[in-house]
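The values are calculated or read from the model by the stated rules, or taken from the named source; none is laboratory data. In this text the structure is predicted, and so the values were computed from the model without any measurement. Every residue, glycine as well, gets a Cβ built from its backbone with ideal geometry; the counts of neighbours run over all protein chains shown. These area figures cover heavy atoms from the full protein model, side chains too; ligands, DNA and RNA do not enter into them. Shrake-Rupley method; radii C 1.70, N 1.55, O 1.52, S 1.80 Å.
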Amino acid sequence: MSERLERVAAHIPAGARLADIGSDHGYLLVALMTRGVIAAAVAGEVALTPFHAAQRTVRENGLSQRIAVRLANGLAAIEPEDRISAISLCGMGGETIRDILDRDKARLTGYERLILQPNGGEQPLRQWLMDNGYRILHEEVLRENRFNYEIIVAERTGPVRYSTQELYFGPLQLQKRSPAFLAKWQRLLHLKRRTLTHFAQARQAVPEDKVQELTQQVGWIVELL
Ligand code: SAM
């Protein structure tokens with residue numbers, strides 16, 4: 001498995017009944033089941049090619065009796081009888097993960113641990129978590145193959161409030177200020193400043209709210225660093 005999925009795997013509780021939504025090849029579930037970490041598993045895939053790939057990985061590892069592979073959109077892969085205790089959604093945009101969670105909120109018992117690995121769009125995802133009473137228990141940034149990845153682990157605890165900056169940077173990352181986190185924002189600061197310069201030089205007018213939003217973000221990042 002990639003370092004990214006290894007870091008995700010580290011946050012799956014021992015004995016979990018795990019649903020991995022958007023499982024693609026099913027590597028995460030197969031690795032966790034083979035290692036004896038999880039007790040039951042559902043792989044959910046919306047697209048046929050990755051669905052077949054997951055079926056093949058599970059079959060080739062002799063785990064067809066222990067990992068259910070289902071062709072389904074988002075949380076529709078989960079049935080109450082699965083008694084799922086953890087859900088992973090990895091390698092998708094934060095907005096996509098948010099939409100998957102929001103569309104079928106009724107399928108969540110509220111007792112599942114969510115292990116999320118968005119590729120961008122972390123702010124709207126954190127907003128959804130806050131709006132739905134999920135507290136962020138762990139966050140990390142990692143860099144692999146020249147990409148930054150974030151991992152967000154959350155559980156529903158009841159009302160929780162995060163500030164605008166906490167939603168933007170991540171409440172725990174703001175406290176921890178890890179080298180990977182600071183390096184990510186150093187890079188983004190450079191990119192956002194460059195975009196602002198391009199905006200200023202653009203022949204066509206750039207919408208004022210876009211410029212304001214970017215300027216505010218640059219201000220926050222400068223404050224952070
Ligand atoms: N989770 C794996 C990982 O992190 O390596 C695979 C990530 S892959 C880039 C994203 C997968 O999510 C694709 O296989 C895609 O078909 C699947 N996917 C996207 N939207 C989905 C949805 N609504 N329900 C189930 N799967 C979805």
request  = May I ask you to list the residues in segment 78-105 that are free of Cβ contacts under 8 Å to residues at least 60 places away in the same chain, in a helix (DSSP H, G or I), buried (at least 20 other Cβ atoms within 10 Å of the Cβ) and not small (Gly, Ala, Ser)?
outcome  = 97, 98, 101
ask   = Looking only at residues in segment 59-77 that are in a loop (DSSP other than H, G, I, E, B) and within 11 Å of the ligand (Cβ to nearest atom), which one is least open to solvent (accessible area, probe 1.4 Å)?
value = 72
task = Please verify whether segment 88-98 includes one or more residues that are more than 12 Å from the ligand (Cβ to nearest atom) and touching a Phe, Trp or Tyr at 6+ places or on another chain (Cβ under 8 Å).
result = no
query = Taking residue 133, is it within 21 Å of residue 23 (Cβ to Cβ) and either open to solvent by 70 Å² or more (accessible area, probe 1.4 Å) or not basic (Lys, Arg) (or both)?
reply = no
ask   = Among (1) at pLDDT 95 or above; (2) away from the ligand (no atom under 15 Å from the Cβ); (3) in a helix (DSSP H, G or I), where does residue 135 come up short?
value = (3)
query = In segment 153-161, is there at least one residue being among the hydroxyl-bearing types (Ser, Thr, Tyr) and away from the ligand (no atom under 16 Å from the Cβ)?
reply = yes
query = Is it fair to say residue 34 is within 14 Å of the ligand (Cβ to nearest atom) and either modelled with pLDDT of 95 or more or not polar (S, T, N, Q) (or both)?
reply = no
request  = Can you tell me which residue among 147, 169 is modelled with pLDDT of 95 or more and over 21 Å from residue 75 (Cβ atoms)?
outcome  = 169
Residue list for segment 16-45, restricted to those being part of a loop (DSSP other than H, G, I, E, B) and open to solvent by 50 Å² or more (accessible area, probe 1.4 Å) = 24, 25, 35, 36
key: Some residue of segment 162-176 being β-branched (Val, Ile, Thr), under 22 Å from the mean Cα position of the chain (by Cα) and within 26 Å of residue 86 (Cβ to Cβ)   = no
request  = Could you tell me whether residue 141 is under 28 Å from residue 12 (Cβ atoms) and among the β-branched types (Val, Ile, Thr)?
outcome  = yes
request  = Could you check, for segment 185-204, whether at least one of its residues is in a strand (DSSP E or B), of a type outside the set (Phe, Trp, Tyr) and open to solvent by less than 80 Å² (accessible area, probe 1.4 Å)?
outcome  = no
